[in-house]
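Encoded as C-alpha cells, the structure appears first; notes follow it.
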Amino acid sequence: MRRKIYKKLLDWKNKSNGHTAVLIEGARRIGKSYIVEKFAKNEYKSYIIVDFNDMAEDLQDIFDHYLNKRDDFFMRLSLYYGVKLYERNSVIVFDEIQQYPKARAAIKYLVKDHRYDYIETGSLISIKRNVKDIVIPSEEEHLEMFPMDLEEFLWALGDDMFMDFIRDCYAKKTSLGSLHRKGMDYLRQYMVIGGMPQAVSEYVATKDFDSVDRVKRNIIRLYREDISKYAFEAETKVTRIFDEIPSQLQKHEKKFRLSALGSNVKMRDYEDAFFWLDDAKIINVCYNSTEPNIGLRLNTDRTTMKCYFCDTGLLISTAFDTETIQREQLYKKLILDKLEFNKGMLVENIVAQMFKANGHSLFFFTSSDKVAENRIEIDFLLSKKLLTNRHNIIPVEVKSTTRYTHVSLDKFSKKYPEYLDTPILFHTGDLKVENGILYLPLYMAAVV
C-alpha cells in the first residue's frame, strides 16, 4: 500500500539529520506500524522496532534500568533484537509509545546523543495518564496520519492517473465531462469500503464485500475494546457518545445534541469523553465558529459540535449493524446508488474525512433565530491556503443529490461579503460555476 506519509518521513529524515525525532499520531489500524517498518527497511542500514503493546519482561528490564545509561542501553537493545546498530545509519522505532511514557520523555536525551534516528508511533498521545509526570520533548516533530485518502485508495485499485486529472480540472475550473461518472463510481467505492488499509487490501484481493465488512467490524470491535481498556472512569460516557454518532449524523442539522445522552446533561460532564475519542482519532470533531473571519479557532463555540467517524466505511458498518441485512446486497446497492435512504449522513462524513486528510481543520457555522431570515446553517468553513487582505474564508455546503436549494449559502454570503471567498457547493453533478457559486463534484473535496 502506497502512503503519502512516506514522503513526509523522508523529508523529516533529510532535513532533521538526527536532530529531532518524529511522532506519528493516528487511530489504530490505519497502517502506522506498516509504513514505519517499510520506511525503516528502505531508508536505513538497520532498524529496531520496539512494540510497547507487547513488551516482554526482559525488554521491560532493559528500559527500566538502562534507558538513561546510553552505551549499556544500546548494547543490550542490540543484543536483545539481534540487530547491529550503525551510527547515523540506523533507526529505533518506539511503536505505541503511549504505553511507555518514560521512553517518550527520554527522546530529548536520545536525540541529543545523536547516534541514531528515532520514530515514535501512537494514539491517545495527549490523554492525561499518558503524559503524567513526563516532560514532552521539544525535539519531537509531529505527523498526523489518517485512513487512506481517495488518491491512496485509487493507487491501491491500480489507478495512478485519475486524481491528477481531477486536480487539473479543479485548477482550471473545467468539467470532467464523460469522466464524471467514473469519478462518482470511484467515490462510492471509497465511501463504502473506506480507507482502513486492511479493508482496502481485502477488497482489492477478493472483491468480496462480506469479507471487507468482517474486517471493518473487527476494527470497530477493537475500538470498543480500547474504550473499555483505556477510557477508565470515562468508559461509559465514551461508549454512549460513540454509539450515538450515527443517529446524530442522520439528523438534518447533524449537530451532536447532548440531550440524546440523557436529561440535564452538561458539556462539562462529557468534555473528557469527547476529548478521548478525538485524541484516539476515532472521530473527527467539527466545531461551531461563531464568526467567519480568519480566526476561526478564536471564535469557536466548543459546546456546539458535529462528530464524524474518522472513516466512512466504518460508519457504514456501524450504522447498518444488524444481522438481518445481507452485506453483499447492501454494499452493491450503495456502490450502484440504488439504495433509497438519507445519504446526507454518509456524504457529509466522507467530505469531512477528505478535508481532514487534506490538512483542513473542521469548522461549521450555525445561527439560530426566531426570524427565519437570520437562521443560517453552513456545513463547513475552510480557510484559504493563501491569505489575502479580505475574503479568506470559503463557505461550503454538501448535497447528496442534484436536487437542492442553497438558501443558507445565499444568506451567509450576503451577511459576510467582506470575509468570504467564492462559496463552494459539493453535489453529485459535474463542476460548474453559476451565479457566483462554485459547484464541485463530491470527489473534488479531496483536492480543495
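Filter the strands (runs of 3 or more DSSP E) completely within segment 323-421 down to those with at least 1 residues that are surrounded by fewer than 17 Cβ atoms within 10 Å (Cβ to Cβ).
In segment 323-421, the matching strands (runs of 3 or more DSSP E) lie at 363-367.
For ARG3, state whether it is more than 25 Å from LEU222 (Cβ to Cβ) and either in the same structural domain as PRO101 (by TED's automatic domain parsing) or in contact (Cβ under 8 Å) with a residue 12 or more places away in the chain (or both).
So ARG3 fails the test.
Residues to consider are LEU157, LEU143, LEU110; find the one that is surrounded by 21 or more Cβ atoms within 10 Å (Cβ to Cβ) and modelled with pLDDT of 95 or more.
Unique residue meeting the criteria: LEU110.
Residues of segment 164-196 being out of contact with any Lys or Arg (no Cβ under 7 Å at 6 or more places or on another chain), among the polar types (S, T, N, Q) and in contact (Cβ under 8 Å) with a residue 24 or more places away in the chain, which ones?
THR174, GLN189
Quick check: is even one residue across segment 164-181 of a type in the set (Asp, Glu), in the same structural domain as ASP321 (by TED's automatic domain parsing) and farther than 22 Å from THR312 by Cα?
For segment 164-181, residues of a type in the set (Asp, Glu), in the same structural domain as ASP321 (by TED's automatic domain parsing) and farther than 22 Å from THR312 by Cα: present.
How about segment 190-216: which of its residues are assigned to a helix (DSSP H, G or I) and under 18 Å from the mean Cα position of the chain (by Cα)?
Answer for segment 190-216, where residues must be assigned to a helix (DSSP H, G or I) and under 18 Å from the mean Cα position of the chain (by Cα): TYR190, MET191, VAL192, ILE193, PRO197, GLN198, ALA199, VAL200, LYS216.
Looking at LEU315, is it surrounded by 18 or more Cβ atoms within 10 Å (Cβ to Cβ), at pLDDT below 90, within 25 Å of GLU397 (Cβ to Cβ) and of a type in the set (A, V, I, L, M, F, W, C)?
No.
For residues that are surrounded by fewer than 22 Cβ atoms within 10 Å (Cβ to Cβ) and either within 20 Å of VAL347 (Cβ to Cβ) or among the aromatic types (Phe, Trp, Tyr) (or both), tally how many sit in segment 184-209.
Within segment 184-209, residues that are surrounded by fewer than 22 Cβ atoms within 10 Å (Cβ to Cβ) and either within 20 Å of VAL347 (Cβ to Cβ) or among the aromatic types (Phe, Trp, Tyr) (or both) number 6.
I'd like the full set of residues that are in a loop (DSSP other than H, G, I, E, B), at pLDDT 95 or above and not charged (D, E, K, R), limited to segment 1-46.
ASN17, GLY18, HIS19, THR20, GLY26, ALA27, ILE30, GLY31, TYR44
List, please: which pairs have Cβ atoms under 9 Å, are six or more places apart or on different chains, and start with a residue in segment 252-275 that is closer than 25 Å to ILE378 by Cβ and end with one that is of a type in the set (A, V, I, L, M, F, W, C) and surrounded by fewer than 14 Cβ atoms within 10 Å (Cβ to Cβ)?
Short answer, once both residue conditions are applied: LEU258/MET267; PHE274/MET267.
Quick grid of which residues meet (1) more than 23 Å from ASP226 (Cβ to Cβ); (2) among the acidic types (Asp, Glu); (3) in the same structural domain as GLU235 (by TED's automatic domain parsing):
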site: GLU271; (1), (2), (3): no, yes, yes
site: ASP278; (1), (2), (3): no, yes, yes
site: GLY295; (1), (2), (3): yes, no, yes
site: THR303; (1), (2), (3): yes, no, yes
site: CYS310; (1), (2), (3): no, no, yes
site: LEU336; (1), (2), (3): yes, no, yes
site: ILE350; (1), (2), (3): yes, no, yes
site: SER368; (1), (2), (3): yes, no, yes
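The values are calculated or read from the model by the stated rules, or taken from the named source; none is laboratory data. Being a predicted model, the structure only gives us computed values, none of them experimental. When we count neighbours, we look across all protein chains shown, and the Cβ atoms used for this are built from the backbone with ideal geometry, even at glycine.
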